[in-house]
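The values are calculated or read from the model by the stated rules, or taken from the named source; none is laboratory data. Predicted, not measured: the structure shown is a model, and the values here were computed from it. Cβ atoms come from the backbone with ideal geometry, glycine included; neighbour counts cover every protein chain shown. Side chains are part of the model used for accessible areas, which takes the heavy atoms of the whole protein and leaves out ligands, DNA and RNA. Shrake-Rupley method; radii C 1.70, N 1.55, O 1.52, S 1.80 Å.
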Amino acid sequence: MARRASKNWADEEIKGLLSIWKDKSIQDQLAGAVRNKDVFVRISNNLNALGVNRDWKQCRAKVKNLKYEYRTMMNQRKSGRRCKSMRFYNEIDAVLGCRSPQAKGSQDRTVLSVVIKQEEREDKLENGPAQASAASENVTAETEGPVEEEVVSTASETPAATSRKRTESEHECTVPSKRMKLKKGTMFQRHIGTIINTFMDYQRKAEERFYKWEEERRREEREHELRIIQLQKVDCRDLVSRLNRTGSCFHLELYPSKSTQEKLFIVEKTNNGKKIALGLSDATCNMSDYEDDPAVFSSDTLPSDLRFMATVANGYLGTRVYGDVMHINGIYNGANGDSCRADVPSTVNARLTIPAERTFKETYTLNTRIGVFSYIIETQNFRMIQQIFAHRTQIHLMVLIITLERLTTSKEQCTVQIKSSFAPHSQNIDFVSGPDFMGAKYIYGQTLNPEVKGAARQNVHMISVPLPESLTLLPEEQRNSWVFLTAVAGTAEQVKACFVEGQSLIQFDQLYSSHVAAWAAIWKQSCISAKGCRKLNQAMYGCLYYLLSALPPLKSTDFHYIGLSPGGLSNGGKGEIYHGHVFWDQEIWMFPNVLVFYPELARILLKNRIQTLPAAKIIAGQQGYRGAKYPWESAVTGFEVCNEAVYGLKEIHINGDISFAFQQYFYVTQDLEFFQKDGGWYVVSNIAEFWSSRVTWNPLEECYDIKGVMPPDEYQSDVTNSAYTAVVAKYSLQFATELGSRLKVTVPSKWMKIAEKIKVPFDPLKQYHPEFDGYKSGVVVKQADVVLLGYPLMYPMSTPVRNNDLVMYEGVTAQDGPAMTWSMFAIGWLELKNVSQAQHQFSKCYSHIQEPFKVWSENPDGSGAVNFLTGMGGFMQTVLFGYTGFRIMKNYLYFDPTIPENLGELWITGINYLGNKLHFQFSTKQVTIVLIRPCGFQHSALEVVLSDSGKKFALNEGQAVTFLLEPGLIQRKCPAAASVLSNKL
């Protein structure tokens, strides 16, 4: 009991407590229906200043006891009963009984009724039902007049009536200050009040959760490593003044440096006022390159082809801006080859105009730093801002915000007209309307046709705030914002909970800021910056943004993520190419970038392959083979959904691609638990078993053939011994054997024997790899195929053979082919140090980038898939693995940088290896490596070993290691190393 803490208070101590209690600010805090620890800590500190050593818990208990004694005495006096005297009665009465005349009614009721009820409620919770029952007899009723004693139930009252009074009294005791105070009235009024109070409780809990999250975010912010770019002193001040007039949340500041030059920082101000330096450049940079943030794409016009509009997505929800539909991860309609993403009507497709204004300026902006698309109309007197985003952490929310603000002292009103295309219908989902929820429209339905026969149709529930026809900024308003929230989920309960959560964030003004903070956290983990090359920087920001938009949040989510489709989450509906399905594009073209920056997200991509393993085993059995055969195109079930059977039957290299991704993940993370407990081993072993049953022994050549396949070059549909297919099959068998040994699992010995004997075509006369048996030089190739043997497969070959492969296939590859092809040629030439040829091939990639929002098309003429993540993945690999020379090997991370002169410096932050996070800075002359965040385990400590000089450098947290440009590797630190050389510039 709390009273035991209040024993042995001396008179001097009580007098000191009462002197503090008389303070009006203390009384106001104690008078609230909800109090916290702070007021009692304040009382304790004041007592300590008076020489009284009492902690806050003892102060709280003593205050409660004094109030209880005073209340008991007052009740006895009013009832005419004889009562004992009370020490310090006059002093306590001066605090609790003598209030100002004008506040006698309401304030006395607050002090004596609400506060005492709340404390009795606390006593009930602390002391148990016995004392709670006793205390309830003295609870006073809250009425409109002065405090009166509550009528105590008598024998004449029914038990039900007594129970009802007690229940109502207890309910009032739990109402906090922000909640509605219930008054006597009809049952309907009490019911409405209960609903409102429940909602307010939920909001309060949501606020507590947000503050906890905000505290964690700020802690991570303090740990963030600041990135710096040096700018020349000339015109710096003019540049600062011009950029700071743009109104962006990012601005520039000048700081002195040890050198004669001043440093120019790109600075972001956080919510708590902290400034974070985000970037910078060198004296060789053109000033015009930094007048705009390379991560922000703006234009005064929209693309003529609206397929190339920007997209907003969060891994669960996605839409093309000003498009009529949204898409949901994992929601497909149609059986087998008719499968496609199901269309959900878009609630954020609204076109805005200000009819009264004839002269105005329009700006369309995609800010990839914060994941927000905005449309701004600026007139002489007003500014209208439309913002659209898919919330990064509250993944079930799509948001539209419209803001009107006054730019002058004019008092005229401004009206914006809204034209929305929303209609509660879909060609794939049988939507029906449900009852409104919290003033918002509610629709729900099921997809029309399941993916496979007998499967359940998928459910979609959506709640959205309806858009009005117009909004008006009144003459007395300087600024006003309206938030239109949409929640989408798979069940009614979930969508309602998500909508309430979103409304709570709106009330606390945290919906937008929490989304922006989540994107900021993502960019802090990874970033690529090329000094002095704004074009490349813009392209990289665009690629990373669209790729990350298609991925789930970094923290765990409540939905099953299906995977990365070539067109991203915002595309893939009926009539659109690739239908939102998952191909080899995920493992070969996108996965390597995700792996080195976000291993936790790479793990999620692989887990989907684990979850669809049962379907892959069924497919293998249907085709007459053992193990598992993954579909060429997969959706939610893992069965084949390609609309042309030849691809599913022939393009079997998808199996090797998946196994290779598992192998790369293991080499980067050494995450044995993923293979032991999460099912990774079963994927690897079943793929190996498939290959062992798919090969055919060739007695003439004494090798294993793989017959009847389609290589990555899809112009060929039925060949024997595709070079690429053979290598990924060989790797699958070798990795399964290696992994089985690590896991202490016995594997068939034939796996390694088959791997050694699988035929990989090679022409000893021309010293190159034919694409397949019988390939004739000069035959046109659709896309990157044999060139992939060098990278990413790293198949052993001499430098002349690698050169011959590049020369042979560069000339015969279709010039109008898919976007990712030329990236692989660029990486090959960088590997051979042929920089001019590499840059020539890499420059072809830019023809696939459609302005103004850096949306990629599959083909340079704009045809094929849009928002083509496959092409973006290849482009990023040129930077991440081409210029740096990174190669993920079994026991180390290899690097062999080649930095073109016009690139200057390349900064890459956030490379993950064995749980460590690294920062690299490459120039034409030297390399700098910084360990940003160590793994925390001694066995994962890293060192740098240089290939030519043999020098070794230990990587310690926060200490830069710099050396002249040469190849090397990063590996686990060798405990027996004799010495570690210190780094010097």
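I need the full set of residues from the range 421-433 which are surrounded by fewer than 18 Cβ atoms within 10 Å (Cβ to Cβ) and either without any contact (Cβ under 8 Å) to a residue 24 or more places away in the chain or out of contact with any Phe, Trp or Tyr (no Cβ under 7 Å at 6 or more places or on another chain) (or both), in order please.
Correct list: Ser421, Phe422, Ala423, Gln427, Asp430, Val432, Ser433.
Only one of Trp691, Trp697 is among the hydrophobic types (A, V, I, L, M, F, W, C) and either surrounded by 18 or more Cβ atoms within 10 Å (Cβ to Cβ) or touching a Leu at 6+ places or on another chain (Cβ under 6 Å) (or both); which?
Trp691
Only one residue in Val786, Val855 is open to solvent by less than 10 Å² (accessible area, probe 1.4 Å) and within 30 Å of Ser374 (Cβ to Cβ), so which one is that?
The conditions single out Val855.
Go through the range 49-70 and give me each residue that's part of a helix (DSSP H, G or I) and either of a type in the set (D, E, K, R) or over 15 Å from Ile26 (Cβ atoms) (or both).
Lys57, Gln58, Arg60, Ala61, Lys62, Lys64, Asn65, Lys67, Tyr68, Glu69, Tyr70
Take the residues in the range 412-435 that are part of a loop (DSSP other than H, G, I, E, B), under 29 Å from Gly334 (Cα atoms) and among the polar types (S, T, N, Q), then tell me which one is modelled with the lowest pLDDT.
If we take residues in the range 412-435 being part of a loop (DSSP other than H, G, I, E, B), under 29 Å from Gly334 (Cα atoms) and among the polar types (S, T, N, Q), then Ser421 is modelled with the lowest pLDDT.
Picking from Gln850, Gln815, Gln839, which residue would you name as being surrounded by fewer than 22 Cβ atoms within 10 Å (Cβ to Cβ), closer than 30 Å to Phe373 by Cα and not assigned by the TED database to the domain that holds Asn902?
The conditions single out Gln850.
Specify the residue that is nearest to Ala497 (Cα to Cα); the eligible residues are those in the range 444-470 that are of a type in the set (Val, Ile, Thr) and buried (at least 19 other Cβ atoms within 10 Å of the Cβ).
The qualifying residue nearest to Ala497 (Cα to Cα) is Ile463.
Please work out which one of (1) open to solvent by 10 Å² or more (accessible area, probe 1.4 Å); (2) at pLDDT below 95; (3) under 21 Å from Pro967 (Cβ atoms); (4) not hydroxyl-bearing (Ser, Thr, Tyr) is the condition Gly864 fails and give its number.
Among (1) open to solvent by 10 Å² or more (accessible area, probe 1.4 Å); (2) at pLDDT below 95; (3) under 21 Å from Pro967 (Cβ atoms); (4) not hydroxyl-bearing (Ser, Thr, Tyr), Gly864 violates only (3).
If you go through the range 898-911 one residue at a time, how many are open to solvent by 10 Å² or more (accessible area, probe 1.4 Å) and part of a loop (DSSP other than H, G, I, E, B)?
Qualifying residue count for the region: 4.
Could you look through the range 805-819, keep only residues that are touching a residue at least 40 places away in the same chain (Cβ under 8 Å) and outside any helix (DSSP H, G or I), and pick out the one that is nearest to Lys782 (Cα to Cα)?
This residue is Gly817.
For the range 755-812, enumerate the residues that are touching a Phe, Trp or Tyr at 6+ places or on another chain (Cβ under 8 Å), farther than 24 Å from Val695 by Cα and of a type in the set (D, E, K, R).
Lys782, Asp805, Glu810
For the range 748-778, what are the residues that are over 45 Å from the mean Cα position of the chain (by Cα) and assigned to a loop (DSSP other than H, G, I, E, B)?
Phe762, Pro764, Leu765, Lys766, Gln767, Asp773, Gly774, Tyr775, Lys776, Ser777, Gly778
Can you pull out the residues in the range 738-747 that are in a helix (DSSP H, G or I) and surrounded by fewer than 18 Cβ atoms within 10 Å (Cβ to Cβ)?
Residues satisfying the conditions are Glu738, Ser741, Arg742.
Take the residues in the range 333-354 that are in contact with a strand residue (DSSP E or B) (Cβ under 6 Å, 6 or more places away or on another chain) and either basic (Lys, Arg) or over 27 Å from Thr637 (Cβ atoms) (or both), then tell me which one is surrounded by the fewest Cβ atoms within 10 Å (Cβ to Cβ).
Arg351
When both residues are 6+ apart or on different chains and their Cβ atoms are under 8 Å apart, which pairs have a first residue that lies in the range 516-535 and is not assigned by the TED database to the domain that holds Asn367, and a second that is in a helix (DSSP H, G or I) and of a type in the set (Ser, Thr, Tyr)?
Arg534/Tyr290; Lys535/Tyr846
Among the numbered criteria (1) more than 20 Å from Ile588 (Cβ to Cβ); (2) in contact with a helix residue (DSSP H, G or I) (Cβ under 8 Å, 6 or more places away or on another chain); (3) not basic (Lys, Arg), which single criterion is violated by Asp785?
(1)
Filter the range 370-411 for residues that are among the basic types (Lys, Arg), open to solvent by less than 20 Å² (accessible area, probe 1.4 Å) and not in a loop (DSSP other than H, G, I, E, B) and give the result.
The one that is among the basic types (Lys, Arg), open to solvent by less than 20 Å² (accessible area, probe 1.4 Å) and not in a loop (DSSP other than H, G, I, E, B): Arg406.
Determine if the range 661-672 includes at least one residue that is open to solvent by less than 20 Å² (accessible area, probe 1.4 Å) and β-branched (Val, Ile, Thr).
Within the range 661-672 (the criterion being open to solvent by less than 20 Å² (accessible area, probe 1.4 Å) and β-branched (Val, Ile, Thr)), the answer is yes, since at least one residue qualifies.
Please give the number of the condition Lys759 fails out of (1) crowded, with 19+ Cβ neighbours inside 10 Å; (2) more than 23 Å from Gly708 (Cβ to Cβ); (3) not polar (S, T, N, Q).
Every listed condition holds for Lys759 apart from (2).
I'd like to know if the range 513-524 contains one or more residues that are touching a helix residue (DSSP H, G or I) at 6+ places or on another chain (Cβ under 9 Å) and in a loop (DSSP other than H, G, I, E, B).
No, the range 513-524 has no match at all.
Where residues in the range 1-10 are part of a helix (DSSP H, G or I) and open to solvent by 60 Å² or more (accessible area, probe 1.4 Å), which of them is modelled with the highest pLDDT?
Looking at residues that are part of a helix (DSSP H, G or I) and open to solvent by 60 Å² or more (accessible area, probe 1.4 Å), I get Arg4.
Considering only the range 696-718, I want to know if a residue exists there that is in contact with a Pro (Cβ under 7 Å, 6 or more places away or on another chain), in a loop (DSSP other than H, G, I, E, B) and small (Gly, Ala, Ser).
No, the conditions are met nowhere in the range 696-718.
Phe591 passes all but one of (1) open to solvent by less than 10 Å² (accessible area, probe 1.4 Å); (2) over 20 Å from Ala635 (Cβ atoms); (3) out of contact with any Phe, Trp or Tyr (no Cβ under 7 Å at 6 or more places or on another chain); which number fails?
Every listed condition holds for Phe591 apart from (2).
Taking Tyr731 as the residue in question, decide whether it is modelled with pLDDT of 95 or more, surrounded by fewer than 23 Cβ atoms within 10 Å (Cβ to Cβ) and under 26 Å from Phe583 (Cβ atoms).
So Tyr731 passes the test.
If you check every pair at least six apart or on different chains, which have Cβ atoms under 9 Å apart with a residue in the range 66-78 that is closer than 21 Å to Leu17 by Cα first and a residue that is modelled with pLDDT of 85 or more second?
Leu66/Ile14; Leu66/Leu17; Leu66/Leu18
Using the structure shown, decide if Gly621 is out of contact with any strand residue (DSSP E or B) (no Cβ under 6 Å at 6 or more places or on another chain) and open to solvent by 20 Å² or more (accessible area, probe 1.4 Å).
When the stated conditions are applied, Gly621 passes them.
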